[in-house]
Amino acid sequence: MEVRTCKGCGKLFNYIGRMTPVCPICMKEMEEKFEVCRKYIKENPGANIQKVSEETGVSMKMIKQWVREERLTFAEGTLVGIECEACGANILTGRFCANCRTRLTTDLTNSIRPAHGKDTPGKSASARMRFLDE
């Protein structure tokens, strides 16, 4: 195990590989704040990040992090204030808009597949398995 300093309270703790390096006590507090935000958003579907932050006392930075992690989602039509990391369009959750997500997926898929019309090395027509009849 690795010993790290908690980003929340500054105390040392045994780090076990979570996304955010905070101690178990601070993690519990963050989860409680998350639940408060989630409940507020559910009860007030038109609220934006600033309003949620003001009403719950949770920082806008933390709320934006949860939106980027896709833990929080706002109602359709809400001005959340989160931009797509690729094109800058407003999005409700995640890191990329639907168009950029599709483009990135296509680009990644195309980079993995071999180019059409080219044989892979060692797979030519003459290299096929042959059987001899008795």
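Each value in this text was obtained by applying a stated rule to the coordinates, not by laboratory testing. Here the structure is a predicted model, which means the values were calculated and not measured. Here the Cβ positions follow ideal geometry from the backbone for every residue, glycine too, while neighbour counts run over all protein chains shown.
General observations
- Size of charge dipole - the chain - debye, nearest 20, with Cβ of Lys, Arg +1 and Asp, Glu -1, no other charges: 280
- Between Leu12 and Thr106, the C-beta separation translates, for a Förster distance of 41 Å, into a calculated FRET efficiency of about 0.35.
- Helix runs (DSSP H) in the chain reaching 15 Å along axis by Cα, Kyte-Doolittle at least -1.0: 24-43, 98-112
- Computed P(r) (all Cα pairs; the stretch 1-96; 5 Å bins; percent): 2, 13, 21, 20, 15, 13, 9, 4, 1
- Amide proton proximity set for Ala86, modelled H, under 5 Å, gap of 5+: Cys97
- 3J(HN,Hα) along the stretch 81-96: x, 9, 10, 4, 5, 9, 10, x, 5, 6, 10, 8, 7, x, 10, 10 Hz, from the Karplus curve 6.51 cos²θ - 1.76 cosθ + 1.60 with θ = phi - 60°, whole Hz, x for Gly and Pro.
- Virtual spin-label span in nm between Glu29 and Glu55, 7 Å along Cα→Cβ: 2.4
- Helix-derived mean residue ellipticity, 222 nm - over the chain, DSSP H n ≥ 4, -39500 (n - 2.57), to 500: -12500 deg cm²/dmol
- Simple label model, 7 Å out from Cα along Cβ direction - Asp133 to Lys64, nm: 7.4
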